[in-house]
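One structure is given here, and the rest of the page talks about it.
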Amino acid sequence: MQDTPFVIAGRQFRSRLIVGTGKYRSYQEMARCHEASGAEMVTVAVRRVNLTDRSKESLLDYIDRSQYFILPNTAGCYTAEEAIRTARLAREVGLSNWIKLEVIGDEKTLFPDNEGLLEATRVLVKEGFVVLPYTNDDLVFARKLIDAGAAAVMPLAAPIGSGMGVQNPANLRILREMITEVPLIVDAGVGTASDATIAMELGADGVLMNTAIACADEPVLMARAMKLAVEAGRLAYLAGRIPKKLYASASSPLEGVVR
């Protein structure tokens, strides 16, 4: 079975894994992890990057833009106004007109502020941005984001940086069945390779992660593991799992066996 391409806003990506740039021990380690992950898109927090003083070292110096597509994000923004202003800054300094949109509503959980997220999405889409909003796993709200022009829907698997993995597989399955017009990208909460595989087996088009790789004991090894996990999960989703049964079913049926 031939897979469908991973396309966001008309741009095709070979890798379904999107990785971040924060929390690494060094920029050099970050670059090694990016290479090991096989990712083609990396997300960068606009508010945490030196965009003006080119004489100082920046993480952007360690991202080969001929190899990686930069997806700026509005991490750390708690209002629609802050997020809109940050997105505009990213475009003005030449990062991209794509934006991973985050409008945080709670400082402890980092859950999104849905009202602010929807407001910012509408404004930025009208201004020509390709908007990829980080949101909760609510189908009704996902529909509102799509209606507002979002180029993808990016529901959390668990709170950002928690490493708890997929906490509500039923909602992700519902989102997968009901949303077909834009990509579904699981964002936040992945802790290890099996979490990424589960997200992909549930039908996600892609997975975005940062902490799970950057804070692993051996980040480069984890980056490689995540690459394989995403690929395996996608293949399993396409293959279709066997149904679950309460009782055993022999691997070697007895039909036709000479007794």
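List the residues whose amide H sits under 5 Å from the amide H of N73, counting only those 5 or more places along or on another chain, with H placed 1.01 Å from N in the peptide plane.
When sequence neighbours closer than 5 places are left aside, the close amide H contacts are V44, A45, V46, K100.
List the residues, sorted by chain then number, that are 5 or more residues from V130 or on another chain and whose placed amide H is less than 5 Å from its amide H.
Amide H neighbours of V130, under 5 Å, 5+ apart: W98, I99.
Among DSSP bridges having both ends in the chain, what percentage is antiparallel? Round to the nearest 5.
Roughly 15 percent of the DSSP beta bridges within the chain come out antiparallel.
Could you please put D106, D195 in sequence from largest to smallest accessible area, using a 1.4 Å probe?
Heavy-atom accessible area, descending, gives D106, D195.
Where Rh is the Kirkwood radius over the Cα pairs of the stretch 1-130, the temperature 37 °C and the viscosity 0.692 mPa s, what D in µm²/s does Stokes-Einstein return?
D, rounded to a whole number, is 208 µm²/s.
Just how many % of Cα pairs in the chain lie over 28 Å apart, if you round to the nearest whole percent?
Result for the distance tail: 33 percent.
Leaving ligands and nucleic acids out of the surface, order V42, V93 by accessible area at 1.4 Å, largest first.
Ranked from most to least accessible, the order is V93, V42.
Under the rule of -39500 (n - 2.57) per DSSP H run of 4 or more residues, summed and divided by the residues of the chain, what mean residue ellipticity at 222 nm is obtained, to the nearest 500 deg cm²/dmol?
The helix contribution divided over the chain gives -10500 deg cm²/dmol.
Kirkwood Rh, Cα Rg: Rg to Rh for the stretch 188-259?
A ratio of 1.23.
What angle do you read, to the nearest 10 degrees and between 0 and 90, between the alpha-carbon axis of helix 169-178 and the longest principal axis of the chain?
Tilt relative to the chain: about 80 degrees.
Expressed in nm to one decimal, what extension gain is obtained for the pair E107 and E127 from 0.36 nm per residue of sequence separation less their Cα-Cα distance?
Value of the extension gain: 4.4 nm.
When only alpha-carbon atoms are used, what values of Rg and Dmax, in angstrom, describe the stretch 99-242?
14.9, 46
Chymotrypsin sites (Phe, Trp or Tyr not before Pro), restricted to the stretch 125-230: which are DSSP loop and have at most 10 other Cβ atoms within 10 Å?
Sparse-neighbourhood loop chymotrypsin sites (Phe, Trp or Tyr not before Pro): none present.
What GluC sites (Glu not before Pro) does the stretch 86-147 have in DSSP loop regions with at most 11 other beta carbons within 10 Å?
E107
The values are calculated or read from the model by the stated rules, or taken from the named source; none is laboratory data. The model shown is predicted, which means the values in this text are computed figures rather than measured ones. Glycine gets a Cβ as well: all are built from the backbone with ideal geometry, and neighbour counts include every protein chain shown. In case anyone asks, the SASA skips ligands and DNA or RNA and just uses the protein heavy atoms, side chains included. Shrake-Rupley method; radii C 1.70, N 1.55, O 1.52, S 1.80 Å.
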